[in-house]
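The values are calculated or read from the model by the stated rules, or taken from the named source; none is laboratory data. Because the structure is a prediction, the values reported are computed rather than measured. Every residue, glycine among them, receives a Cβ derived from its backbone with ideal geometry; neighbour counts consider all protein chains shown. Areas reflect the complete protein model, heavy atoms only, side chains present, ligands, DNA and RNA absent. Shrake-Rupley method; radii C 1.70, N 1.55, O 1.52, S 1.80 Å.
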Amino acid sequence: MNAMSTPRLVGRLLIVVVVMFCFGVFVLPPFYDAMCRVFGINGKTAGAYQGEQSVDAAREVRVQFLATNSVGMVWEFGPKADEMVVHPGEPRDMLFVAYNPSDHPMTAQAIPSVSPSRAAAFFHKTECFCFTQQVLQPGERIEMPVRFIVDRDLPQDVKHLTLGYTLFDITASKPPVAQAP
């Protein structure tokens with residue numbers, strides 16, 4: 001290599017880095033969302049809901065609850081019940097239970113998903129353990145509530161929703177503080 005080609009190579013590499021950064025920040029997230037919509041996966045919930053809805057007592061929707069741990073997460077984690085029948089517009093509650101069987105404090109974060117994905121925009125949480133990180137001491141067990149409303153505008157052909165949570169161990173990035181004995 002000669003001295004003239006080194007600055008040109010560095011310039012080209014910098015351009016590649018900038019293009020890759022722009023792709024990751026600006027192009028990839030909308031592309032990912034579009035692929036999830038097309039394939040019906042990873043339905044994002046509508047998020048926290050604030051407002052009032054009248055209850056549609058003539059209609060019933062079955063809501064199923066699932067809980068899984070990510071790779072390496074040792075907690076026991078699951079819903080108190082597998083499913084419930086709700087009326088759209090009606091606020092409902094479900095408890096999830098988490099237990100830390102390890103010998104050290106751990107921090108976890110739950111990521112929700114609703115399927116079918118086209119119904120996710122009609123699933124509103126008013127309270128959820130997924131809004132905050134959970135810290136459990138060794139041997140500690142907690143009940144974590146989720147309060148939700150299935151929107152009255154849910155398409156009529158949707159009669160079954162699945163609310164799933166995946167629990168991730170984030171202890172390495174958010175170390176918990178051990179309680180004094």
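Here the 3J(HN,Hα) profile of the range 82-94, calculated from phi with Karplus coefficients 6.51, -1.76 and 1.60 at θ = phi - 60°, is 6, 6, 8, 9, 10, 9, x, x, 8, x, 9, 10, 9 Hz, Gly and Pro shown as x. Calculated FRET efficiency, Ala121 to Arg12, Cβ-Cβ distance, R0 = 35 Å: about 0.20 to the nearest 0.05.
A 1.4 Å probe over all protein chains sorts Arg12, Arg152, Arg59 by accessible area into Arg12, Arg152, Arg59, starting with the largest.
For the range 75-138, trypsin sites (Lys or Arg not before Pro) meeting the loop criterion (DSSP other than H, G, I, E, B) and having at most 16 other Cβ atoms within 10 Å: Lys80.
For the range 71-115, backbone nitrogen atoms closer than 19 Å to the point 7 Å from Gln156 Cα along Cα-to-C-beta are found at 87-89.
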